[in-house]
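S.K.: I have a structure here, written as structure tokens, and I will follow up with some questions on it.
The values are calculated or read from the model by the stated rules, or taken from the named source; none is laboratory data. Just so it is clear, the structure is predicted and the values come from calculations on it, not from any experiment. No Cβ is skipped: glycine too gets one built from the backbone with ideal geometry, and neighbour counts run over all protein chains shown.
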Amino acid sequence: MPVPTDMVGDQIGPIKHEVDERWTMAYSAALGDTHDCYFDTRRNGGVVAHPMFAVCPEWPVIVQSRELADKWGITPEETRQGVHATHDVTVHRLVRPGDVLSTRLTYTGVENKRPGAYTTMKIETVDADGEAVFTTHQGGIHLGVPTVGEDRPDVSAPLIPELGPTSKEPITEILVPVAHGAAHTYTESARIWNPIHTDASVAKAAGLPAIILHGTATLALGVSAVIDAVGDGNPERVRRIRGRMASMVLMPSTINVKVIDSTTVDGKDIVRFQVLTEEGGPAIDQGLVFLDRS
């Protein structure tokens, strides 16, 4: 069945999450990011979660959104043809153990694109006081699946700043090894389970050459490298992360995080980066990290 544009505005949630140190530490450990701020409970103010921890409380509402797919006549086969295309998260503050979070998903757009139906969603995570913690705008494509109805593009997405041409020489390039079991470790630590990342037979049935690393894991590895390279190793400077999922990362392999340049706009340092596969193709393209000025 085609994806109906009338589904724009439909919602899932809120779903509640209680965050503990075990969860936040496991997420950072899965990335191999071992800064004290993620692990040292003796630290003044305690530990914080990695900026990309946002994807952890978001996953349950994404899974539950499949119920909306049934409601709108989208078949399970068509749902499985959906791929994560774009990710844009605003970090209002980092999560801390003890936080009680609530997450809600709203469909914000459906458009007909050449590869298939392009759907966008806004995922809002707030704390127990109702204060914003993360706001994510995420896009996906149902490959080969058409839409029905007039296109309804997302009008709520944050603006992408015009930064001009990129620098000829990158600030730095950082090689990051991705272990054979990286997807399994990430699955359990993030509590994000999709069998194309852990089950070779499911990956083969989906037309993949092998199990692949989660796109959010690849993006998170890139963010960690950017924080280390130009963010003083301080994740609390991160205010927004954006990237386009472009190519698969197989395991084991070595990815290359290319930190391209940094531009100051409206009091924030905006860092452009790419994550390249071992073969040199872009795994994460059009990457941006917005940092508070140090």
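S.K.: If I filter the stretch 84-93 for residues that are under 28 Å from Pro235 (Cα atoms), touching a residue at least 40 places away in the same chain (Cβ under 8 Å), in a helix (DSSP H, G or I) and not aromatic (Phe, Trp, Tyr), do I get at least one hit?
M.R.: no
S.K.: Could you list, ordered by first residue, the pairs with Cβ atoms under 9 Å in which the first is in the stretch 142-171 and under 15 Å from Val271 (Cβ atoms) and at pLDDT 95 or above and the second is surrounded by 13 or more Cβ atoms within 10 Å (Cβ to Cβ) and among the hydroxyl-bearing types (Ser, Thr, Tyr), at least 6 apart or interchain?
M.R.: The qualifying pairs are Ile171/Ser262.
S.K.: Still on this structure, I have one more. Please verify whether the stretch 97-110 includes one or more residues that are in the same structural domain as Lys16 (by TED's automatic domain parsing), farther than 18 Å from Asp10 by Cβ and either free of Cβ contacts under 8 Å to residues at least 40 places away in the same chain or basic (Lys, Arg) (or both).
M.R.: no
S.K.: Quick one: is Ile227 more than 18 Å from Asp33 (Cα to Cα), in contact (Cβ under 8 Å) with a residue 24 or more places away in the chain and of a type in the set (A, V, I, L, M, F, W, C)?
M.R.: Numbers: more than 18 Å from Asp33 (Cα to Cα): no; in contact (Cβ under 8 Å) with a residue 24 or more places away in the chain: yes; of a type in the set (A, V, I, L, M, F, W, C): yes.
Here the answer is no, as Ile227 does not meet what is asked.
S.K.: Can you tell me which residue is surrounded by the fewest Cβ atoms within 10 Å (Cβ to Cβ) among those in the stretch 172-200 that are free of Cβ contacts under 8 Å to residues at least 24 places away in the same chain and part of a helix (DSSP H, G or I)?
M.R.: Applying the filter and picking the extreme gives Ala200.
S.K.: Same structure again: As an exercise: evaluate Thr5 against (1) more than 21 Å from the chain's Cα centre (by Cα); (2) surrounded by 17 or more Cβ atoms within 10 Å (Cβ to Cβ); (3) over 15 Å from Tyr107 (Cβ atoms) and give the number of the one condition it does not meet.
M.R.: (3)
S.K.: Output the residues belonging to the stretch 64-79 that are exposed (fewer than 13 other Cβ atoms within 10 Å of the Cβ) and either closer than 12 Å to Pro4 by Cβ or among the hydrophobic types (A, V, I, L, M, F, W, C) (or both).
M.R.: Hit for the stretch 64-79 is Lys71, nothing else.
S.K.: Quick check, is Leu101 within 20 Å of the chain's Cα centre (by Cα) and farther than 20 Å from Ser224 by Cα?
M.R.: Judged against the criteria, Leu101 is a match.
S.K.: Any idea how many residues of the stretch 246-294 are buried (at least 18 other Cβ atoms within 10 Å of the Cβ), in contact with a helix residue (DSSP H, G or I) (Cβ under 8 Å, 6 or more places away or on another chain) and among the hydroxyl-bearing types (Ser, Thr, Tyr)?
M.R.: 1
S.K.: Residue under question is Val145, and the condition is that it be of a type outside the set (Phe, Trp, Tyr), surrounded by 12 or more Cβ atoms within 10 Å (Cβ to Cβ) and on the phi < 0 side of the Ramachandran plot; does it hold? It would help to see each step written out before you state the result.
M.R.: Values: of a type outside the set (Phe, Trp, Tyr): yes; surrounded by 12 or more Cβ atoms within 10 Å (Cβ to Cβ): yes; on the phi < 0 side of the Ramachandran plot: yes.
Judged against the criteria, Val145 is a match.
S.K.: Across the stretch 277-289, what is the total count of residues that are part of a strand (DSSP E or B) and either outside the structural domain of Arg244 (by TED's automatic domain parsing) or of a type in the set (Val, Ile, Thr) (or both)?
M.R.: Step one: list which residues in the stretch 277-289 are part of a strand (DSSP E or B), which gives 282-289.
Filter once more, keeping what is either outside the structural domain of Arg244 (by TED's automatic domain parsing) or of a type in the set (Val, Ile, Thr) (or both): 284, 289.
Final tally of qualifying residues: 2.
S.K.: Let me ask something else. Applying the selection to the stretch 14-55, what residues are part of a loop (DSSP other than H, G, I, E, B), small (Gly, Ala, Ser) and either more than 15 Å from Val91 (Cβ to Cβ) or assigned by TED's automatic domain parsing to the domain that holds Tyr186 (or both)? Before the answer, list the steps.
M.R.: So in the stretch 14-55, the residues part of a loop (DSSP other than H, G, I, E, B) come out as 19-20, 31-35, 40-50.
Filter once more, so that each one left must be small (Gly, Ala, Ser): 32, 45-46, 49.
Result: Gly32, Gly45, Gly46.
S.K.: What is the one condition in (1) modelled with pLDDT of 95 or more; (2) among the aliphatic types (A, V, I, L, M); (3) not in a loop (DSSP other than H, G, I, E, B) that Ala203 does not satisfy?
M.R.: Going through the list (1) modelled with pLDDT of 95 or more; (2) among the aliphatic types (A, V, I, L, M); (3) not in a loop (DSSP other than H, G, I, E, B), Ala203 breaks only (1).
S.K.: May I pose another question? Tally time: how many residues in the stretch 191-206 are aliphatic (A, V, I, L, M) and within 24 Å of Val61 (Cβ to Cβ)? Full working, then the answer.
M.R.: The initial filter retains those residues of the stretch 191-206 that are aliphatic (A, V, I, L, M), namely 192, 196, 200, 202-203, 205-206.
With the extra rule that they be within 24 Å of Val61 (Cβ to Cβ), the set shrinks to 192, 196, 202, 206.
Total satisfying the criteria: 4.
S.K.: Go through (1) surrounded by fewer than 19 Cβ atoms within 10 Å (Cβ to Cβ); (2) in a strand (DSSP E or B); (3) not hydrophobic (A, V, I, L, M, F, W, C) one by one and return the number of the condition Pro165 breaks.
M.R.: In the conditions (1) surrounded by fewer than 19 Cβ atoms within 10 Å (Cβ to Cβ); (2) in a strand (DSSP E or B); (3) not hydrophobic (A, V, I, L, M, F, W, C), Pro165 misses (2) alone.
S.K.: Related question: For the stretch 59-83, which positions are assigned to a loop (DSSP other than H, G, I, E, B) and over 27 Å from Glu18 (Cα atoms)?
M.R.: Of all residues in the stretch 59-83, those assigned to a loop (DSSP other than H, G, I, E, B) come to 65, 72-75, 81.
Across the stretch 59-83, the qualifying residues are Trp72, Gly73, Ile74, Thr75, Gln81.
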